[in-house]
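Okay, structure first, notes after.
The values are calculated or read from the model by the stated rules, or taken from the named source; none is laboratory data. All of these numbers come straight from a predicted model, not from anything done at the bench. Backbone-built Cβ (ideal geometry, glycine too); neighbour counts: all protein chains shown.
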Amino acid sequence: MSSFRFCMIFGVLGLLLVPFAKAADAPSQEPQVLRLWSGDAPGAQGTSDKDIPTITLYRPTVKSSGAAFVVCPGGGYGGLAEHEGKPVAQWLNSLGITSVVLKYRLGPKYHHPVELGDASRAIRTVRAHVNDWGISIDRVGIIGFSAGGHLASTAATHFDEGNANSSDPVERFSSRPNLAILIYPVITMKDPFVHAGSRRNLLGDHPDPKLIDLLSNEEQVTDQTPPCFLVHGADDKVVPVQNSLEFAAACVKKHVPVELHIFERGAHGFGLGGKDPALSTWPHEAAIWLTRHKFTTEK
């Protein structure tokens, strides 16, 4: 097995845990699709399926841990990769974690801040359903792959505590994830390590330099950024490994707990790792990390 794993674990930012009632083991259910807004989504440019952001709910297949994750598939902000959606939700379900796969709006039709708005709304929506889904309000994470990793890292660095006075009860909840898992993520919007297609779809052909700075998330990490787990291939030719390296370094600088796994060989888009003997180990490592942060039920 040819792989190189470099791990950095810094545990200085604790998770806030509140008591919660564990839901009884739920029977197997068909995935449930929920619109993020009952009417037109903010900034909607039509009424077709591509104009309607949704989440698809997947319930745990084992005893619920009381935690939840929003899953953000990649696709260069121009599509949504199927192998980074449902299979990821099902893997999390096997750990007792409730999962929702986010169908967010895409470029070039939609640009920032629409995509972040969809991700933030998904996190708030999960928190609005904590009683229905038997989860803790303070154990809601986000996971993203490639451009979905950029969206997840954006949610982890650009969040708010909600609007307590909003007439929309969902908007009263915080959009800050409690954990973030970033798999071969797009992080920077700056040359030379940017994925040009993602930048173009998210920000347009001639983005304002200030917007490029704002969405270069390695520059947006603060001590309020949640703990992060990153995975990347050193030989990734699509999204250079420097994206993960620079984000992890920023976490270290700001004393944010971070774990980083770099594989010597890992072509872009490997998802859960498939049959590769090295790449397929990362979900196990992530499960250990999730247990450390009280997101799984210890066996």
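General remarks:
- The single condition among (1) surrounded by 15 or more Cβ atoms within 10 Å (Cβ to Cβ); (2) at pLDDT below 95 that SER65 does not meet is (2).
- Of all residues assigned to segment 43-51, at least one qualifies as being closer than 20 Å to GLY144 by Cα, at pLDDT 95 or above and surrounded by 11 or more Cβ atoms within 10 Å (Cβ to Cβ).
- Qualifying residue in segment 242-259 (condition: within 22 Å of PHE159 (Cβ to Cβ), in a helix (DSSP H, G or I) and touching a Gly at 6+ places or on another chain (Cβ under 9 Å)): yes
- Every residue from segment 181-223 that is in a helix (DSSP H, G or I), crowded, with 20+ Cβ neighbours inside 10 Å and without any contact (Cβ under 8 Å) to a residue 40 or more places away in the chain: ARG199, GLU218
- Any hit, segment 81-94, residues being out of contact with any strand residue (DSSP E or B) (no Cβ under 6 Å at 6 or more places or on another chain), farther than 18 Å from GLU171 by Cα, at pLDDT 95 or above and part of a loop (DSSP other than H, G, I, E, B): yes
- For GLY134, the test of being of a type outside the set (Lys, Arg) and closer than 28 Å to PHE193 by Cβ is failed.
- Considering residues of segment 166-180 that are crowded, with 16+ Cβ neighbours inside 10 Å and of a type in the set (D, E, K, R) only, the residue farthest from THR125 (Cα to Cα): ARG176
- Qualifying positions in segment 135-149 - assigned to a loop (DSSP other than H, G, I, E, B), of a type in the set (Gly, Ala, Ser) and buried (at least 24 other Cβ atoms within 10 Å of the Cβ): SER146
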